[in-house]
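Following: one structure in structure tokens, then a few remarks.
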Amino acid sequence: MSTYVSKEIRAELDAARITTLKRSSRLRVEVGDNSFKILTLWKDGFTVEAETTPRLRGLVDIFDGANHMYQCLIIADEEAVGEMRYEFKRNTVAADKAPLDFYRPPDAPIALLGYED
């Protein structure tokens, strides 16, 4: 029994695999005004479709749906099987509020309400 697969069939299988990954992923990377689907994301990087995504470089934002997850500095790693792999040089978790520069006690009031005389 032979395990040889022709180039055409291998290309079709790779295209089907990438299409499945694109459908199942909610993640996207944004560079300026452009947005591209992330196929896989792991601790040290992510992959995007090589054919439809230009070479990315520098500071990017990663979103899960509408939630801003990370702001990252990336470098291109390698292209393989229709996917372009990028690695993080810096990966910072995005926050919805500015960090405090002082200690806030857990039982501190949220706001002070004034009263009229």
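Observations
- Candidate set: segment 74-92, residues that are in a strand (DSSP E or B) and among the small types (G, A, S); chosen: the one surrounded by the most Cβ atoms within 10 Å (Cβ to Cβ): A76
- Subset of segment 27-60 (residues that are modelled with pLDDT under 90 and polar (S, T, N, Q)): T40, T52, T53
The values are calculated or read from the model by the stated rules, or taken from the named source; none is laboratory data. Model, not experiment: these values are computed from the prediction. Note: ideal-geometry Cβ built from the backbone for every residue, glycine included; neighbour counts use all protein chains shown.
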